[in-house]
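*Asks:* Below: one structure in structure tokens.
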Amino acid sequence: MRILIVGAGAVGGYFGGRLVQAGRDVTFLVRSARATQLARDGLRIISPHGDVVVTPKVMTAAEIEAPYDLVFLSVKAYALEAAINDFARAVGPATMIFPVLNGMRHIDLLTKRFGEHVVIGGVCLVAAEIDNEGRIVQLADFQQLVYGERNGETTSRLQTLDATLRGAGFDARLSTDIMQAMWEKWVQLASLGAITCLMRGTIGEIVAAPGGVDLSLKVLDESSAIATACGHKPSGTLLSKHASAMTAPGSPLTSSMYRDLRKGAPVEADHILGDLIERGAAHGVPTPLLKAAFVNLRVYQGGLPKS
């Protein structure tokens, strides 16, 4: 498969770099400054699974000449609309768009632009960031991509994708219930993001404060209630796992949204919290804590310097 990775940030750079290392046909769609950096230094990964430097194929939006078999999309939600315009010429009738953004709003935007058939479902599990030298640093050892047709079918194109991604240095899994997997990740991410951003601390710091455990569990309850109302009730096993993680004494656990906030960077408040709250409101689900976190983040976002 000819694969176009949109962006060479922490997520796209990590999985794309591993695919390059495994000999797959990968090109990165990047801005000119990142293209210059990659040409000079290579794409550098620092990881518990082994450090690597690869020299990938790169291009800018103006250089796209033909469709790709797969467009792997891992940009931040607030950069999605610009990214869609950048990679549009890479999408043909046989292209699959594999987005690993969190939540569901990106699915609505992508299917509106490119049609239902082109867009598959995807979940990405990795903790990585770009350091001040432009290297991709993996922060924990988990690294998984899950993908599937949004209607649950096992199609030949997904089997081809599965064969391409397996054996490339990370965990890859074809799912026949990818929408449930996406909703379950959304519940976990929104809950963790809301509580850490609202309380401005790690899980350990939050649960050490009086009432912190109760608030963490109530945020998880709100997110779970929305998913249930929307037809994607999380399993009891999964909720128990999340509850334990969100109430663990001394835990250094935070969310990527909180880490972005600490850096003074933009956050995905609308995509991860705002959209979830709206879907809950449509079903009459009360979400006072999620709303408090969302308003908090919108105020924060409004105070950032305008680019």
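The values are calculated or read from the model by the stated rules, or taken from the named source; none is laboratory data. Since the model is a prediction, treat every value here as computed from it, not as a measurement. Here the Cβ positions follow ideal geometry from the backbone for every residue, glycine too, while neighbour counts run over all protein chains shown. Heavy atoms of the whole protein, side chains included, go into the accessibility calculation; ligands, DNA and RNA do not. Shrake-Rupley method; radii C 1.70, N 1.55, O 1.52, S 1.80 Å.
*Asks:* Could you list, in sequence order, all residues of segment 268-307 that are open to solvent by 20 Å² or more (accessible area, probe 1.4 Å), assigned to a helix (DSSP H, G or I) and more than 25 Å from K241 (Cα to Cα)?
*Replies:* Within segment 268-307, D270, E278, A281, A282, V295, N296, R298, V299, Y300, Q301, G302 qualify.
*Asks:* If I filter segment 249-267 for residues that are over 20 Å from the mean Cα position of the chain (by Cα), open to solvent by 40 Å² or more (accessible area, probe 1.4 Å) and modelled with pLDDT of 95 or more, do I get at least one hit? It would help to see each step written out before you state the result.
*Replies:* Of all residues in segment 249-267, those over 20 Å from the mean Cα position of the chain (by Cα) come to 249-252.
Applying the additional criterion that residues be open to solvent by 40 Å² or more (accessible area, probe 1.4 Å) yields 249-250, 252.
Still in the running and modelled with pLDDT of 95 or more: 249-250.
Yes.
*Asks:* Still on this model: Is there any pair with a first residue in segment 230-244 that is of a type in the set (A, V, I, L, M, F, W, C) and a second that is assigned to a loop (DSSP other than H, G, I, E, B) whose Cβ atoms are under 7 Å apart and which are 6 or more apart or on different chains, and what are they?
*Replies:* C230/H283
*Asks:* Something else: Let me spell it out: the conditions are (1) farther than 30 Å from G250 by Cβ; (2) among the hydrophobic types (A, V, I, L, M, F, W, C); (3) open to solvent by 30 Å² or more (accessible area, probe 1.4 Å), and L198 meets all of them except one. Which number is the exception?
*Replies:* (1)
Per-residue answers, yes or no, for (1) surrounded by 13 or more Cβ atoms within 10 Å (Cβ to Cβ); (2) in a loop (DSSP other than H, G, I, E, B); (3) touching a strand residue (DSSP E or B) at 6+ places or on another chain (Cβ under 9 Å):
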site: R44; (1), (2), (3): yes, no, yes
site: P67; (1), (2), (3): yes, yes, yes
site: F72; (1), (2), (3): yes, no, yes
site: A94; (1), (2), (3): no, yes, no
site: L109; (1), (2), (3): yes, no, no
site: V126; (1), (2), (3): yes, no, yes
site: Q138; (1), (2), (3): yes, no, yes
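*Asks:* Can you find a residue that is crowded, with 18+ Cβ neighbours inside 10 Å, in a strand (DSSP E or B) and of a type outside the set (F, W, Y) anywhere in segment 147-168?
*Replies:* The answer is yes; a qualifying residue exists.
*Asks:* While we're looking at this one, here's another question. When segment 111-124 is examined, which residues are found to be under 19 Å from R279 (Cβ atoms) and assigned to a helix (DSSP H, G or I)?
*Replies:* Within segment 111-124, the subset under 19 Å from R279 (Cβ atoms) is 111-112, 119, 121, 123.
Matches in segment 111-124: T111, K112.
*Asks:* Restricting attention to segment 46-65, which residues are open to solvent by 70 Å² or more (accessible area, probe 1.4 Å) and touching a residue at least 40 places away in the same chain (Cβ under 8 Å)?
*Replies:* Step one: of segment 46-65, the residues open to solvent by 70 Å² or more (accessible area, probe 1.4 Å) are 48-49, 51, 53, 55, 57, 62-63, 65.
Scanning segment 46-65 gives P48, H49.
*Asks:* Given the options F87, F28, name the one that is farther than 23 Å from A127 by Cα and touching a residue at least 12 places away in the same chain (Cβ under 8 Å). Step through it out loud before you land on a result.
*Replies:* Values: F28 fails: farther than 23 Å from A127 by Cα.
Result: F87 is the single residue among F87, F28 that is farther than 23 Å from A127 by Cα and touching a residue at least 12 places away in the same chain (Cβ under 8 Å).
*Asks:* I'd like the full set of residues that are open to solvent by 20 Å² or more (accessible area, probe 1.4 Å) and either in a helix (DSSP H, G or I) or free of Cβ contacts under 8 Å to residues at least 12 places away in the same chain (or both), limited to segment 201-221. Quick ask: steps written out before the conclusion?
*Replies:* Filtering segment 201-221 for residues open to solvent by 20 Å² or more (accessible area, probe 1.4 Å) gives 202, 205, 207-211, 213-215, 217-218, 221.
Hits for segment 201-221 are E205, V207, A208, A209, P210, G211, V213, D214, L215, L217, K218, D221.
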